[in-house]
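Just so it is clear, none of the values below were taken in a lab; they were calculated from the coordinates. Owing to the predicted nature of the structure, the values given are computational and were not obtained by experimental measurement. When we count neighbours, we look across all protein chains shown, and the Cβ atoms used for this are built from the backbone with ideal geometry, even at glycine.
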Amino acid sequence: MAPVLPSAAVAPPSTVAQRRSRTGYVLLFPGMTWLAVFFAIPFVTLFVTSLQTPVPGKSGRYQLGLEFGNYATALAEYWPAFVRSFAYAGIATLLALIIGYPLAYFIAFRSGRWRGLMLVLVIAPSFASFLLRTYAWKTILADESPVTSFFNALHLLPDGRILNTSIAVIAGLTYNFLPFMVLPLYAALERIDPRLIEAANDLYASPVTAFRKITWPLSMPGVVAGTLLTFIPAAGDYINAELLGSTKDRMVGNAIQTNFIEFRDYPTASALSFALMAAILILVFTYIRRAGTEDLV
Amino acid sequence: MAELSKTDQVEDLHLVNLTKRFGEVAAVDDLTLTIPAGSFFALLGASGCGKTTTLRMVAGLEDPTSGSIRIGDKDVTRLRAFKRPVNTVFQSYALFPHLDIFENVAFGLRRRGVKNIKPIVEAMLELVELGHLARRKPTQLSGGQQQRVAVARALINKPDVLLLDEPLGALDLKLRRQMQIELKRIQTEVGTTFVHVTHDQEEAMTMADTIAVMNAGRIEQMGSPAEIYELPRTVFVANFLGQSNLIEGRVSGAGEMLDVAAHERSFRLPRERSSATGASIILGVRPEKMTVLDAPDAARVPEGHNVLSGRVTDVSYTGVSTQYLVQASWGQELVVFEQNLIVGDRCEVGDEVVVHWSPRHSFGLDGNEDIHAGVDSAVLALESVDSAPAAGDGE
Ligand SMILES: Nc1ncnc2c1ncn2[C@@H]1O[C@H](COP(=O)(O)OP(=O)(O)O)[C@@H](O)[C@H]1O
Ligand SMILES: [Mg+2]
């Protein structure tokens with residue numbers, strides 16, 4: 001039912017196509033410029049920096065080089081931070097999914113006229129700065145806080161405390177990135193036609209089966225988007241580990257920050273950044289492959 | 001095809017005093033209805049009269065406010081949807097977009113743990129002529145094909161009752177006619193009770209064995225298409241199903257024939273064709289039952305026919321018939337359809353004419369009813385038929 005445009009009927013098709021593609025390039029220009037200035041150039045700079053060698057005799061000065069050894073050294077020293085980054089981010093993502101899915105489900109299907117308000121409440125914490133919110137968790141999880149006392153009363157804490165443990169870091173990551181999980185989940189769930197669930201019920205699927213066979217698979221794009229949007233920034237985060245963890249809970253982000261700001265070891269910091277980026281990319285691609293939803297994301 | 005042979009045993013579906021309220025609105029109002037086993041039953045009514053709500057209650061997707069639903073002598077009123085031996089073809093099809101056609105059709109069988117489903121699904125896909133599309137996704141199918149998948153997906157479970165909610169509403173006219181025949185064929189082949197909801201009276205008439213005309217949550221009249229058309233029992237039915245000329249009058253006479261006095265004329269009507277209870281009556285006659293004659297030919301009116309005189313105000317030739325608008329002596333406009341049997345010699349606008357019809361084609365309705373009941377609904381129903389293809393997915 002494609003409408004036939006009168007102009008297309010008059011002008012030779014090739015001219016129209018050419019004009020159209022030229023318009024396309026013009027429209028692409030601002031976006032491409034943005035990408036070049038803020039992504040491609042820094043990306044190349046980062047990579048070049050990661051291969052630099054120290055200028056002999058002048059600490060804190062580096063020169064152009066091809067020192068791939070920077071990567072080996074950085075990874076040899078900081079691999080535990082890498083492992084922690086991925087473990088903490090992974091656990092936080094899983095927790096955010098477990099907390100976020102029912103929440104998004106409720107907002108999408110059950111909230112009625114409170115829907116708008118509930119969505120605002122999900123986003124509301126983001127109006128306060130990330131740093132501030134994380135500081136607040138320092139208080140919430142402090143040694144004498146009600147939360148800590150509660151878990152201690154149940155003898156659930158091996159160290160008798162939460163602050164300055166990996167639990168606090170994971171809790172902070174989960175909390176801070178929860179909206180990034182809930183919003184895509186909500187968007188995916190909200191798009192599901194409730195009549196599909198009725199149709200499943202009509203075809204002998206109990207509510208649980210209907211969820212497993214219909215709702216869950218149809219919400220997969222939201223699950224994939226939500227887990228990625230949570231995992232990627234969580235894996236690169238350093239504020240939660242900095243404020244809520246001990247020195248034993250340092251993540252790659254902290255290592256990069258220390259090398260960059262304190263040691264002024266730019267090649268190591270760059271190598272770590274680049275390695276983190278590569279690791280995340282590989283992980284994300286395998287994950288999307290597994291989820292089998294490349295076309296849905 | 002063995003699996004698709006006639007359903008083992010079918011049972012009547014009984015709705016007893018079924019009521020559903022949404023707040024103040026009674027969407028379905030004290031509905032009592034028996035749908036005979038194995039019949040093709042049409043629930044016909046204008047948009048918003050409660051058809052979908054009725055079906056949803058039978059399917060178990062909506063809880064009745066009161067009343068009960070029985071299949072045979074099993075009360076299913078409180079049975080959850082997924083435990084009812086009833087399947088639905090939804091108004092919008094509601095095919096599962098992430099499953100291919102095969103899996104859509106297999107869905108019900110898998111849920112019930114039926115073994116070796118491949119041949120059953122394949123046979124069902126053959127029945128609806130979609131075998132070659134088994135591995136397509138629903139969005140890759142045309143509207144008519146999706147519609148057949150929806151039918152196959154429901155029918156494969158051999159339900160006691162198959163519910164179809166305006167299944168053809170989203171199709172264009174030609175496809176709709178084709179699918180009407182198709183559905184009728186499938187129903188005859190499997191012998192399942194079909195309850196078909198529609199606002200299209202022509203669709204109901206061509207497909208159903210039995211039609212129930214529904215209005216404002218109630219059943220106005222139920223019967224075979226011919227019964228309902230030939231002998232409407234309410235003004236709503238007379239106006240909604242086809243067209244009727246309705247004349248208000250007063251009834252007298254005690255014999256087999258009633259006399260109706262209207263506008264200083266007298267018309268006759270067999271007693272058994274009248275549902276009027278008091279003295280006031282609405283006399284009805286279908287347009288195609290009437291004959292128009294030039295006034296000078298009045299002598300040719302057969303003995304005993306009802307006659308009135310008037311003037312032709314409009315003539316439209318439609319090929320099969322000529323449709324006249326005749327203004328009766330008292331000012332009311334009547335519609336007359338005449339088959340084009342005569343060559344030439346057609347009446348023209350302005351002609352003085354007499355219109356006559358046999359008393360056996362008259363029907364009597366309760367004079368206390370609103371004489372315009374159902375007219376707007378019929379027009380609305382027609383309009384929504386016309387706009388259906390443009391509207392795409394319908395309601
Ligand atoms: N979930 C609902 N909430 C409130 N009113 C409803 C609901 N479903 C239907 N209705 C009302 O009930 C009446 C009958 O609706 P429906 O059964 O869908 O009619 P039909 O299928 O004949 O067009 C309408 O007036 C409609 O507005
Ligand atoms: Mg409806």
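When the square roots of the Cα gyration tensor eigenvalues are ordered a ≥ b ≥ c, the ratio a/c for the protein assembly as shown is 1.5 or more and a/b exceeds b/c, which makes its shape prolate.
Between B:GLU369, B:GLU166, B:GLU203, the GNM of chain B built on Cα springs shorter than 10 angstrom shows B:GLU369 fluctuating the most. Taking the Cα atoms of chain A, the ratio Rg/Rh between the radius of gyration and the Kirkwood radius comes to 1.08. Stretching the chain fully between B:GLN140 and B:ARG112 yields a gain of 7.3 nm (0.36 nm per residue, less the alpha carbon separation). Placing dummy labels 7 Å off each Cα toward the beta-carbon, the span from B:SER280 to A:LEU132 is 7.5 nm. Divide the volume of the convex hull around the Cα atoms of region B:231-387 by the residue count and you get 118 Å³ per residue.
Helical content of the protein assembly as shown, expressed as a calculated mean residue ellipticity at 222 nm, amounts to -13500 deg cm²/dmol (DSSP H runs of 4 or more residues, -39,500 (n - 2.57) each, divided by residue number, nearest 500). Sketch the reach of a paramagnetic label on B:SER358 as a point 7 Å from Cα along Cα-to-Cβ, and name the residues of region B:302-340 whose backbone nitrogen lies under 16 Å away. The answer is B:302-307, B:339, whose backbone nitrogens lie closer than 16 Å to the label point. Within the listed set A:VAL122, A:VAL26, A:VAL37, the Gaussian network model of chain A (springs between alpha-carbon atoms below 10 Å) gives the highest mean-square fluctuation for A:VAL26.
Let's test the formula: R0 of 35 Å, r as the Cβ-Cβ distance of B:VAL307 and B:ARG177. What FRET efficiency results, to the nearest 0.05? After rounding, the FRET efficiency stands at 0.35. Antiparallel beta bridges, as assigned by DSSP with both residues in chain B, represent about 75 percent of the total such bridges.
The relative contact order of region B:231-387, computed from alpha carbon pairs under 8 Å that lie at least 6 residues apart in sequence, is 33 percent.
Among beta bridges identified by DSSP and lying wholly in the protein assembly as shown, the antiparallel ones come to about 75 percent.
Residues A:TYR78, A:TYR25, B:TYR229, arranged from fewest to most other Cβ atoms within 10 angstrom of their Cβ, appear as A:TYR25, B:TYR229, A:TYR78.
Among beta bridges from DSSP that stay inside region B:13-227, the antiparallel ones total about 50%. Over chain B, with a Gaussian network built from C-alpha contacts below 10 Å, which listed residue (B:PHE102, B:PHE82, B:PHE236) shows the highest mean-square fluctuation? Judging by the Gaussian network model, the answer is B:PHE82. For the pair B:PHE22 and A:PHE47, label points projected 7 Å from Cα toward Cβ lie 6.0 nm apart. Between the alpha-carbon centers of region B:233-291 and region A:108-181, tell me the distance in whole angstrom. So the separation of the two Cα centres works out to 78 Å. A cut-off of 5 Å between modelled amide H atoms, ignoring neighbours fewer than 5 places along the same chain, links B:GLY253 with B:ASP259.
Using the alpha-carbon positions of chain B, Rg (one decimal) and Dmax (whole number) come out as 24.3, 78 Å.
As a proxy for reagent exposure, ranking A:MET118, A:MET32, A:MET251 by other Cβ atoms within 10 Å from fewest up yields A:MET32, A:MET118, A:MET251.
Against the empirical curve 2.2 N^0.38 Å, the C-alpha radius of gyration of region A:183-297 lands at a ratio of 1.52.
Peptide A:209-222 has a mean of 2 when you count, residue by residue, the C-beta atoms of other protein chains within 10 Å of its C-beta. Amide H contacts under 5 Å for B:ASN215: B:GLU220, restricted to partners 5 or more places along the chain or on a different chain, H placed in the peptide plane at 1.01 Å from N. Give B:LYS118/B:LYS158; A:LYS138/A:LYS248; B:LYS174/B:LYS289; B:LYS83/B:LYS118 a once-over and call out the pairs whose C-alpha atoms are over 20 Å from each other. Those over the limit are B:LYS174/B:LYS289; B:LYS83/B:LYS118. Extending 7 Å from Cα along the Cβ direction at A:LEU154 and again at B:ARG70 yields two label points whose distance is 5.3 nm.
What FRET efficiency comes out for A:VAL284 versus B:THR32 if R0 is 56 angstrom and r is the Cβ-Cβ distance? Round to the nearest 0.05. Approximately 0.35, to the nearest 0.05. The 3J(HN,Hα) values that the Karplus relation (6.51, -1.76, 1.60; θ = phi - 60°) gives for region B:159-171 are, in residue order, x, 5, 9, 9, 9, 10, 9, 6, x, 9, x, 8, 9 Hz. Gly and Pro appear as x.
For region B:79-88, the Karplus equation 6.51 cos²θ - 1.76 cosθ + 1.60, evaluated at θ = phi - 60°, returns couplings of 6, 5, 3, 6, 10, 8, x, 9, 10, 10 Hz by residue, with Gly and Pro reported as x. Here the Karplus curve 6.51 cos²θ - 1.76 cosθ + 1.60, taken at θ = phi - 60°, turns the phi angles of region B:28-38 into couplings of 10, 10, 6, 8, 10, 7, 10, 9, x, 4, x Hz, with x standing for Gly and Pro.
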